[in-house]
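The values are calculated or read from the model by the stated rules, or taken from the named source; none is laboratory data. These numbers were taken from a predicted model, which means no experiment stands behind them. No Cβ is skipped: glycine too gets one built from the backbone with ideal geometry, and neighbour counts run over all protein chains shown. SASA here: full protein model, heavy atoms, side chains in, ligands and nucleic acids out. Shrake-Rupley method; radii C 1.70, N 1.55, O 1.52, S 1.80 Å.
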Amino acid sequence: MSRQKIAAGNWKMNTTLDEGVELVSKLIAAEKDKSVLAILAVPFTHLLTLDKKIKSKGKLKLAAQNCHYKNSGAFTGEISPSMLANLNIPYVILGHSERRQYNHEDNALLKLKVRAALDAGLKVIFCCGEDLDVRKTSKHILHVKIQLEESLFSLTAKEIKNVIIAYEPIWAIGTGETASPAQAQEMHNSIRRMISRQYNKRVGEAMTILYGGSIKGSNAKDIFAQPDVDGGLIGGASLDADEFVKIINSFQEEE
Ligand code: PGA
(Lines give C-alpha, C1' and ligand atoms only; values in the text may rest on other atoms or scores of the structure.)
Protein backbone atom coordinates (compact mmCIF):
# COMPACT_ATOMS: atom_id res chain seq x y z
CA MET A 1 0.00 0.00 0.00
CA SER A 2 1.34 3.42 -0.76
CA ARG A 3 0.86 5.87 2.07
CA GLN A 4 1.17 9.66 1.95
CA LYS A 5 4.77 10.72 2.56
CA ILE A 6 4.95 13.50 5.13
CA ALA A 7 7.65 15.88 6.34
CA ALA A 8 6.24 17.74 9.34
CA GLY A 9 8.21 20.61 10.82
CA ASN A 10 7.76 21.32 14.51
CA TRP A 11 8.89 24.89 15.08
CA LYS A 12 8.24 24.68 18.85
CA MET A 13 8.56 28.08 20.60
CA ASN A 14 10.78 29.52 17.89
CA THR A 15 10.57 32.39 15.39
CA THR A 16 8.87 35.74 15.64
CA LEU A 17 6.02 36.17 13.17
CA ASP A 18 8.33 38.11 10.83
CA GLU A 19 10.89 35.30 10.90
CA GLY A 20 8.14 32.75 10.35
CA VAL A 21 6.84 34.62 7.30
CA GLU A 22 10.36 34.73 5.87
CA LEU A 23 10.86 31.00 6.45
CA VAL A 24 7.56 30.14 4.77
CA SER A 25 8.35 32.40 1.79
CA LYS A 26 11.57 30.46 1.25
CA LEU A 27 9.75 27.14 1.54
CA ILE A 28 7.09 28.21 -0.98
CA ALA A 29 9.75 29.32 -3.47
CA ALA A 30 11.90 26.18 -3.16
CA GLU A 31 11.95 23.25 -5.59
CA LYS A 32 10.17 20.47 -3.67
CA ASP A 33 9.12 16.88 -4.31
CA LYS A 34 5.44 17.35 -5.16
CA SER A 35 4.44 13.96 -3.85
CA VAL A 36 5.43 14.92 -0.28
CA LEU A 37 3.02 16.65 2.09
CA ALA A 38 4.85 19.26 4.17
CA ILE A 39 3.12 20.21 7.43
CA LEU A 40 4.32 23.16 9.50
CA ALA A 41 3.48 23.11 13.21
CA VAL A 42 3.94 26.77 14.08
CA PRO A 43 3.23 28.90 17.17
CA PHE A 44 -0.45 29.84 17.66
CA THR A 45 0.35 33.50 17.01
CA HIS A 46 1.50 32.68 13.45
CA LEU A 47 -1.38 30.51 12.28
CA LEU A 48 -3.67 33.09 10.68
CA THR A 49 -0.98 35.03 8.85
CA LEU A 50 0.79 31.93 7.59
CA ASP A 51 -2.49 30.34 6.55
CA LYS A 52 -3.17 33.32 4.26
CA LYS A 53 0.35 33.02 2.87
CA ILE A 54 0.19 29.33 2.00
CA LYS A 55 -3.44 29.37 0.73
CA SER A 56 -3.83 27.05 -2.24
CA LYS A 57 -0.22 25.90 -2.00
CA GLY A 58 -1.58 22.35 -2.02
CA LYS A 59 1.22 20.35 -0.45
CA LEU A 60 1.94 22.79 2.38
CA LYS A 61 -0.36 22.64 5.42
CA LEU A 62 -0.40 24.06 8.93
CA ALA A 63 -0.64 22.44 12.33
CA ALA A 64 -1.01 23.76 15.85
CA GLN A 65 1.37 22.34 18.45
CA ASN A 66 -1.23 21.68 21.12
CA CYS A 67 -4.86 22.30 22.07
CA HIS A 68 -7.08 21.96 25.13
CA TYR A 69 -9.53 19.09 25.70
CA LYS A 70 -12.52 21.43 26.06
CA ASN A 71 -13.96 23.71 23.42
CA SER A 72 -14.52 26.65 25.75
CA GLY A 73 -14.45 27.60 29.39
CA ALA A 74 -12.46 29.19 32.17
CA PHE A 75 -9.01 27.97 31.11
CA THR A 76 -6.87 31.09 30.98
CA GLY A 77 -4.23 31.02 28.29
CA GLU A 78 -5.52 27.91 26.52
CA ILE A 79 -6.60 27.39 22.89
CA SER A 80 -9.47 25.06 22.06
CA PRO A 81 -9.88 22.56 19.22
CA SER A 82 -12.94 24.41 17.89
CA MET A 83 -10.95 27.67 17.73
CA LEU A 84 -8.39 25.94 15.52
CA ALA A 85 -11.03 24.22 13.41
CA ASN A 86 -12.79 27.56 12.93
CA LEU A 87 -9.56 28.93 11.40
CA ASN A 88 -9.48 25.88 9.10
CA ILE A 89 -6.23 24.67 10.60
CA PRO A 90 -6.18 21.01 9.56
CA TYR A 91 -3.74 19.41 12.03
CA VAL A 92 -2.76 19.53 15.69
CA ILE A 93 0.20 17.85 17.40
CA LEU A 94 -0.76 16.15 20.67
CA GLY A 95 1.38 14.35 23.22
CA HIS A 96 4.76 15.79 22.28
CA SER A 97 7.31 14.62 24.84
CA GLU A 98 8.10 18.22 25.80
CA ARG A 99 4.48 18.77 26.78
CA ARG A 100 4.41 15.44 28.59
CA GLN A 101 7.52 16.53 30.51
CA TYR A 102 7.02 20.26 31.14
CA ASN A 103 3.22 20.40 31.24
CA HIS A 104 2.71 17.02 32.90
CA GLU A 105 0.45 15.68 30.17
CA ASP A 106 -0.26 12.00 30.71
CA ASN A 107 -1.93 9.30 28.64
CA ALA A 108 -5.35 9.88 30.25
CA LEU A 109 -5.31 13.62 29.53
CA LEU A 110 -4.12 12.96 25.98
CA LYS A 111 -7.02 10.60 25.45
CA LEU A 112 -9.38 13.52 26.21
CA LYS A 113 -7.42 15.87 23.96
CA VAL A 114 -7.41 13.42 21.04
CA ARG A 115 -11.17 12.90 21.40
CA ALA A 116 -11.86 16.65 21.51
CA ALA A 117 -9.58 17.41 18.56
CA LEU A 118 -11.12 14.72 16.36
CA ASP A 119 -14.64 15.77 17.37
CA ALA A 120 -13.81 19.31 16.25
CA GLY A 121 -12.72 17.97 12.85
CA LEU A 122 -8.96 18.29 13.31
CA LYS A 123 -6.47 15.64 12.28
CA VAL A 124 -4.13 14.61 15.09
CA ILE A 125 -0.38 14.04 14.95
CA PHE A 126 0.00 11.91 18.07
CA CYS A 127 3.50 11.65 19.55
CA CYS A 128 4.77 8.67 21.47
CA GLY A 129 8.18 7.37 22.45
CA GLU A 130 10.39 6.21 25.29
CA ASP A 131 13.17 7.87 27.28
CA LEU A 132 16.70 6.52 27.62
CA ASP A 133 16.02 4.61 30.86
CA VAL A 134 13.18 2.70 29.24
CA ARG A 135 15.27 2.02 26.12
CA LYS A 136 18.09 0.64 28.28
CA THR A 137 15.76 -1.91 29.84
CA SER A 138 14.49 -2.95 26.37
CA LYS A 139 10.89 -2.13 27.38
CA HIS A 140 10.51 0.50 24.64
CA ILE A 141 7.95 -1.38 22.62
CA LEU A 142 5.81 -2.09 25.68
CA HIS A 143 6.09 1.57 26.72
CA VAL A 144 4.77 2.79 23.37
CA LYS A 145 2.07 0.11 23.35
CA ILE A 146 0.74 1.44 26.65
CA GLN A 147 0.81 5.03 25.34
CA LEU A 148 -1.25 3.99 22.31
CA GLU A 149 -3.62 1.79 24.30
CA GLU A 150 -4.34 4.45 26.90
CA SER A 151 -4.69 7.42 24.58
CA LEU A 152 -5.83 6.10 21.19
CA PHE A 153 -7.32 2.64 21.28
CA SER A 154 -10.76 3.72 22.47
CA LEU A 155 -11.19 5.37 19.05
CA THR A 156 -13.16 3.57 16.37
CA ALA A 157 -11.48 2.34 13.17
CA LYS A 158 -13.08 5.26 11.36
CA GLU A 159 -11.82 7.79 13.89
CA ILE A 160 -8.24 6.55 14.01
CA LYS A 161 -7.94 7.17 10.26
CA ASN A 162 -7.63 10.85 11.19
CA VAL A 163 -4.63 10.16 13.40
CA ILE A 164 -0.99 10.18 12.31
CA ILE A 165 1.44 8.59 14.76
CA ALA A 166 4.84 10.18 15.35
CA TYR A 167 7.35 7.91 17.09
CA GLU A 168 9.89 10.12 18.80
CA PRO A 169 12.40 8.43 21.10
CA ILE A 170 13.02 11.11 23.73
CA TRP A 171 16.74 10.32 23.84
CA ALA A 172 16.96 11.41 20.20
CA ILE A 173 15.04 14.70 20.42
CA GLY A 174 17.26 17.73 20.10
CA THR A 175 20.29 15.68 21.15
CA GLY A 176 21.88 15.19 17.76
CA GLU A 177 21.54 11.46 18.33
CA THR A 178 19.12 9.62 16.02
CA ALA A 179 17.67 6.18 16.29
CA SER A 180 19.36 4.00 13.71
CA PRO A 181 17.24 3.20 10.65
CA ALA A 182 16.91 -0.35 12.05
CA GLN A 183 15.74 0.91 15.47
CA ALA A 184 13.17 3.17 13.80
CA GLN A 185 11.95 0.35 11.56
CA GLU A 186 11.65 -2.05 14.50
CA MET A 187 9.38 0.34 16.40
CA HIS A 188 7.38 1.48 13.36
CA ASN A 189 6.69 -2.09 12.35
CA SER A 190 5.65 -2.94 15.92
CA ILE A 191 3.28 0.04 16.00
CA ARG A 192 1.77 -0.97 12.67
CA ARG A 193 1.19 -4.49 13.99
CA MET A 194 -0.39 -3.10 17.19
CA ILE A 195 -2.84 -1.08 15.08
CA SER A 196 -3.59 -4.08 12.86
CA ARG A 197 -4.29 -6.23 15.92
CA GLN A 198 -6.46 -3.60 17.61
CA TYR A 199 -8.44 -2.73 14.45
CA ASN A 200 -7.66 -4.72 11.33
CA LYS A 201 -4.88 -5.18 8.81
CA ARG A 202 -6.27 -2.56 6.46
CA VAL A 203 -6.25 0.10 9.18
CA GLY A 204 -2.73 -0.92 10.20
CA GLU A 205 -1.42 -0.77 6.65
CA ALA A 206 -3.04 2.63 6.08
CA MET A 207 -1.63 4.23 9.25
CA THR A 208 0.93 6.96 8.60
CA ILE A 209 3.81 6.63 11.07
CA LEU A 210 6.43 9.37 11.26
CA TYR A 211 9.83 9.20 12.93
CA GLY A 212 11.10 12.16 14.95
CA GLY A 213 14.38 12.87 16.69
CA SER A 214 17.35 14.78 15.23
CA ILE A 215 16.38 14.29 11.60
CA LYS A 216 18.60 16.33 9.31
CA GLY A 217 19.22 16.62 5.60
CA SER A 218 22.12 14.22 6.00
CA ASN A 219 20.30 11.35 7.72
CA ALA A 220 16.69 11.65 6.46
CA LYS A 221 17.21 9.47 3.40
CA ASP A 222 18.26 6.34 5.29
CA ILE A 223 15.46 6.68 7.83
CA PHE A 224 12.76 7.42 5.21
CA ALA A 225 13.91 4.41 3.19
CA GLN A 226 12.63 2.05 5.90
CA PRO A 227 9.42 0.31 4.78
CA ASP A 228 7.33 1.33 7.81
CA VAL A 229 8.62 4.89 8.07
CA ASP A 230 6.29 7.25 6.21
CA GLY A 231 8.14 10.45 6.96
CA GLY A 232 9.36 12.58 9.81
CA LEU A 233 8.52 15.07 12.52
CA ILE A 234 11.40 17.47 12.41
CA GLY A 235 12.29 20.01 15.09
CA GLY A 236 15.56 21.94 14.86
CA ALA A 237 16.21 21.27 11.18
CA SER A 238 12.76 22.58 10.18
CA LEU A 239 13.83 26.10 11.18
CA ASP A 240 16.33 26.24 8.34
CA ALA A 241 14.57 26.43 4.97
CA ASP A 242 17.38 24.81 2.97
CA GLU A 243 17.74 21.97 5.45
CA PHE A 244 13.98 21.35 5.63
CA VAL A 245 13.68 21.33 1.83
CA LYS A 246 16.52 18.82 1.69
CA ILE A 247 14.53 16.63 4.10
CA ILE A 248 11.34 17.03 2.02
CA ASN A 249 13.37 15.86 -0.99
CA SER A 250 14.81 12.82 0.80
CA PHE A 251 12.09 10.32 -0.01
CA GLN A 252 12.67 7.55 -2.49
CA GLU A 253 10.94 7.72 -5.85
CA GLU A 254 7.79 5.63 -6.11
CA GLU A 255 8.50 2.40 -7.99
P1 PGA B 1 14.46 17.51 16.77
O2 PGA B 1 12.97 17.57 17.38
O3 PGA B 1 14.32 17.22 15.30
O4 PGA B 1 15.04 18.87 17.03
O5 PGA B 1 15.18 16.43 17.48
C6 PGA B 1 11.98 16.68 16.98
C7 PGA B 1 10.69 16.98 17.74
O8 PGA B 1 10.76 17.29 18.93
O9 PGA B 1 9.59 16.92 17.18
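To put it simply, the accessible area of the range 1-93 at a 1.4 Å probe is 54 percent carbon and sulfur.
The range 123-147 and the range 184-255 have their alpha-carbon centroids 16 Å apart. Around the Cα centre of the chain, unit charges on the Cβ atoms of Lys, Arg, Asp and Glu (plus for the first two, minus for the last two) sum to a dipole of about 780 debye.
Under 5 Å between amide hydrogens, built in the peptide plane, is the criterion, and for Val36 it picks out nothing among residues at least 5 positions away or on other chains. Think of a 1.4 Å ball rolled over the protein heavy atoms: the range 5-248 then has 45 Å² of accessible area per residue. Taking θ as phi - 60° and the Karplus parameters 6.51, -1.76 and 1.60, the scalar couplings of the range 181-197 work out to x, 5, 5, 5, 4, 4, 5, 4, 5, 5, 4, 4, 5, 4, 5, 4, 5 Hz in sequence order, x denoting glycine and proline. Ignoring lysines fewer than eight residues from Lys55 along the same chain, the ones with Cα atoms less than 23 angstrom from its Cα are Lys5, Lys12, Lys26, Lys32, Lys34, Lys123, Lys246. Taking a straight Cα-Cα cut-off under 16 Å and skipping sequence neighbours fewer than 8 places away in the same chain, the aspartates and glutamates within cross-link reach of Lys145 are Asp106, Glu130, Asp131, Glu168, Glu186. Only Cα pairs under 8 Å and 6+ residues apart enter the sum, and on that basis the relative contact order of the chain stands at 21 percent. For the range 5-248, the calculated P(r), taken from all Cα-Cα distances in 5 Å bins from zero up to the bin holding the longest distance, is 1, 6, 15, 19, 21, 18, 12, 6, 2, 0 percent. Packing, taken as the mean count of other beta carbons within 10 Å per residue, orders the peptides 124-136, 29-41, 105-117 from highest to lowest as 124-136, 105-117, 29-41. Hey, what number do you get for the chain at 222 nm if only DSSP H runs of n ≥ 4 count, each worth -39500 (n - 2.57), divided across all residues, to the nearest 500? Estimated from H runs of four or more residues: -11500 deg cm²/dmol.
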